[in-house]
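The values are calculated or read from the model by the stated rules, or taken from the named source; none is laboratory data. In this text the structure is predicted, and so the values were computed from the model without any measurement. Positions of Cβ are backbone-derived with ideal geometry, glycine not excepted, and every protein chain shown enters the neighbour counts. Areas reflect the complete protein model, heavy atoms only, side chains present, ligands, DNA and RNA absent. Shrake-Rupley method; radii C 1.70, N 1.55, O 1.52, S 1.80 Å.
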Amino acid sequence: GARAAARALAELARDGGFQGWLVNIENELEAEWVPCVQLFLRCLRRDMRELGVEGGGRVVWYDSVTVDGKLKWQNDVNELNRAFLDCAGEIRLNY
């Protein structure tokens, strides 16, 4: 599940010598999957830090999916994307 995938990606980052992940999901999600994605982001961020990934282990969320699972880009941090920022620690808006 989400925890195992996050751990594997954190280990890959550590072993591969790179600093983190940009998570970009540009598809609508069923609303019941949003908490799973958020869990994945929290676990990935935690595991990157715990494993001492170079550069602090960055996890960056690309703002495409809203908290209700809709594919709708925002141009700022707001109530539709703040939860993903809180989980990942970083966000990129419309790059």
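When the surface is traced with a 1.4 Å probe over the full set of protein chains, D86 keeps roughly 100 Å² accessible.
Shown for the chain: the carbon plus sulfur share of the solvent-accessible area, taken with all protein chains present and a 1.4 angstrom probe, equals 50%. Accessible surface area normalised per residue over the chain is 56 Å², counting heavy atoms of protein chains with a 1.4 Å rolling probe. When the alpha carbon gyration tensor of the chain is reduced to an equivalent ellipsoid, its three semi-axes come out at 23, 14, 10 angstrom, largest first. Estimated purely from DSSP H runs of n ≥ 4, each contributing -39500 (n - 2.57), the mean residue ellipticity at 222 nm for the chain is -13000 deg cm²/dmol once divided by its residues. Just want the answer: with Cβ charges of +1 for Lys and Arg and -1 for Asp and Glu, which residue in A6, Y62, G16 is farthest toward the dipole's positive end in region 1-68? The Cα lying farthest towards the positive end belongs to G16. Other residues whose C-beta falls under 14 angstrom from the C-beta of L71 contribute a net charge of -3, scoring Lys and Arg +1 and Asp and Glu -1.
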